[in-house]
Amino acid sequence: MRKMIVGSMVVGALMLVAGQAQAADTMIDGLKKACNKELTTFCKGVPPGEGRILACLYAFEDKVSDKCAYAVYDAADQLEKAVAALKFATTQCKDDLLKYCGDVEAGQGRGLACLKKNDKSVSQSCKDALKATGLKK
């Protein structure tokens, strides 16, 4: 269970790509709150970024509280779901992305914004996938 800790590091990045920055912030805040004791006790001097904080928690996994371990596990679960949703939407929208958004720089939700801008021309399967994954309301 605790080995999934490393995977949760990219949750914020994936959710930002998926256009869900607020959800990523909420999840990260929840992790910080649940793991506050561990972060201030074991990982106080560890600079954030590149997985260092999670590596620190992993190094002290035998001392990490159940509350913190669950929060990290939950974040990893959310990551897995976000990756699956993103993969599904990307697969369903691949042709539309190439056709309407081929010249759009990838990242920061620009592809999704382009698909929304070209909504009238985008295929129904792409629209359905974006709706099903929560990327489009």
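Among the residues that make up segment 71-84, is at least one of them at pLDDT 90 or above and of a type in the set (D, E, K, R)?
Within segment 71-84, not a single residue is at pLDDT 90 or above and of a type in the set (D, E, K, R).
In segment 23-104, which helices (runs of 4 or more DSSP H) lie fully inside it and hold 1 or more residues that are more than 30 Å from K127 (Cβ to Cβ), under 18 Å from the mean Cα position of the chain (by Cα) and in contact (Cβ under 8 Å) with a residue 40 or more places away in the chain?
In segment 23-104, the matching helices (runs of 4 or more DSSP H) lie at 52-59, 66-101.
Check whether at least one residue in segment 10-26 is on the phi < 0 side of the Ramachandran plot, of a type outside the set (S, T, Y) and modelled with pLDDT of 70 or more, and report yes or no.
As a first pass, look at segment 10-26 and keep what is on the phi < 0 side of the Ramachandran plot: 10-18, 20-26.
Next cut, of a type outside the set (S, T, Y) only: 10-18, 20-25.
Add one more test, that the residue is modelled with pLDDT of 70 or more, and what stays is 25.
Yes, some residue in segment 10-26 is on the phi < 0 side of the Ramachandran plot, of a type outside the set (S, T, Y) and modelled with pLDDT of 70 or more.
Of everything in segment 55-78 that's among the aliphatic types (A, V, I, L, M) and within 9 Å of E38 (Cβ to Cβ), which residue is surrounded by the fewest Cβ atoms within 10 Å (Cβ to Cβ)?
V64
The values are calculated or read from the model by the stated rules, or taken from the named source; none is laboratory data. None of the values given here were measured: they were computed from a predicted structure. Here Cβ is always computed from backbone atoms with ideal geometry, including for glycine, and neighbour counts include all displayed protein chains.
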